[in-house]
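K.L.:
Structure provided below as structure tokens; questions to follow.
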Amino acid sequence: MEHPVEALMKTAMESIRGIVDVNTVIGDPVETPDGTVIIPVSRVACGFAAGGSAFGAEPKDAGGEQPFGGGSGAGVSVQPVGFLVVSGDNVRLIPVDGNHLAERMLDLAPQIMEKIEEIRRKQ
């Protein structure tokens, strides 16, 4: 026979499983008319607690079991991280916060290096 705390934990975990799935972390892709695909990315954190106690020194009910009292709780936090942008062979992560200038420079670094090489070849 299952202990009442186990039932509380199963109920809470099933509820969390229903809320948090893979689509919570990596969202549904959106395709633009030019063929670019945008995929939202989030950070998900969850916490869970359950507890209970049997009361009284002697069994009180007809089944010989002590009365039980318990509870459980859970919390879920979803924070947007950014967007994956897939355009042709190019994949970029556009963050929601942070230093956008430095990240943009890193994204452009390969293109800048190609341009410098082209200029050097022409000279």
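K.L.:
State which residue pairs qualify: first residue in contact (Cβ under 8 Å) with a residue 12 or more places away in the chain and among the polar types (S, T, N, Q) and inside region 71-97, second residue assigned to a loop (DSSP other than H, G, I, E, B) and surrounded by 13 or more Cβ atoms within 10 Å (Cβ to Cβ) in any location, beta carbons under 7 Å apart, and separation of 6 or more residues or different chains.
P.N.:
Partner pairs satisfying both residue conditions: Ser87/Thr36.
K.L.:
Between a first residue in region 1-29 that is outside any helix (DSSP H, G or I) and at pLDDT 75 or above and a second residue that is of a type in the set (Gly, Ala, Ser) and surrounded by 13 or more Cβ atoms within 10 Å (Cβ to Cβ), which pairs have beta carbons less than 9 Å apart while being 6 or more apart in sequence or on different chains?
P.N.:
Between residues of region 1-29 that are outside any helix (DSSP H, G or I) and at pLDDT 75 or above and residues that are of a type in the set (Gly, Ala, Ser) and surrounded by 13 or more Cβ atoms within 10 Å (Cβ to Cβ), the close pairs are Ile26/Ser42; Gly27/Ser42.
K.L.:
Then there is this: Among the residues of region 32-71, count how many are modelled with pLDDT under 75 and not in a loop (DSSP other than H, G, I, E, B).
P.N.:
Going through region 32-71 one residue at a time, the tally reaches 2.
K.L.:
Which one of these is at pLDDT 80 or above and either exposed (fewer than 11 other Cβ atoms within 10 Å of the Cβ) or over 28 Å from Met13 (Cβ atoms) (or both): Gly98, Gly88?
P.N.:
Criteria check complete, one pass: Gly88.
The values are calculated or read from the model by the stated rules, or taken from the named source; none is laboratory data. Small disclaimer: the values here were computed from a predicted structure and weren't measured. With ideal geometry, Cβ positions are generated from the backbone for all residues, glycine too; neighbour counts draw on all protein chains shown.
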